[in-house]
Structure formats: structure tokens, C-alpha cells
Amino acid sequence: MLAVIGLIFRFGPLLFGFGFMAPLAAQILERAQWTLPFGLTPLLAGLSIGGLLGAVAQIRGRWI
């Protein structure tokens, strides 16, 4: 159990990016009614944005 919790904390920024930032970005894109390139759905674009932000925070070790 401790190993699982440690793993979650280790990948916390990445999980936050996919779990919170991705749906938030998808909702913002959908509300703004922007047409996305290459026929992307808002959810796929949100996952890309959230995953990218989470990966950057994971690598750098901070959000800002």
C-alpha cells in the first residue's frame, strides 16, 4: 500500500495534468467553440494540453 501511495505522489504532477487540467482545457475549448485543427475533438486537445503541462511539471519539478 505504501508503494502505491509513493508511486502516486511520485507522478503527481502528471496525474494532475491528465486528471484535472485535461478536462478543464477540454471544457474551455468546447465553451469557446473554437474549431480545432486536424479535426481534433475537444477532449483529445484537452488531453494533449493537460498531458504536456503535467509532463513539463514532472520534468522540471514545479508548475511555475
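The values are calculated or read from the model by the stated rules, or taken from the named source; none is laboratory data. Please read these numbers as outputs of a predicted model, since none were measured by experiment. Reconstructed Cβ throughout: ideal geometry from the backbone, glycine too, with neighbour counts over all protein chains shown.
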*Just one of (1) in a loop (DSSP other than H, G, I, E, B); (2) at pLDDT 95 or above trips up ARG31, so point out which.*
(1)
_All positions within segment 34-50 that are of a type in the set (S, T, N, Q) and assigned to a helix (DSSP H, G or I)_ = SER48
*Taking the condition under 22 Å from GLY61 (Cβ atoms), of a type in the set (A, V, I, L, M, F, W, C) and modelled with pLDDT of 90 or more, does LEU14 pass?*
yes
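Would it be correct to say that PHE18 is part of a helix (DSSP H, G or I), surrounded by 15 or more Cβ atoms within 10 Å (Cβ to Cβ) and aromatic (Phe, Trp, Tyr)?
For PHE18, the condition - part of a helix (DSSP H, G or I), surrounded by 15 or more Cβ atoms within 10 Å (Cβ to Cβ) and aromatic (Phe, Trp, Tyr) - is met.
Conditions (1) touching a residue at least 40 places away in the same chain (Cβ under 8 Å); (2) exposed (fewer than 12 other Cβ atoms within 10 Å of the Cβ), marked per residue:
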| site | (1), (2) |
| --- | --- |
| VAL4 | no, yes |
| ILE8 | no, yes |
| ALA22 | no, no |
| GLU30 | no, no |
| TRP34 | no, yes |
| PHE38 | no, yes |
| LEU43 | no, no |
| ALA57 | yes, no |
| ARG60 | no, yes |
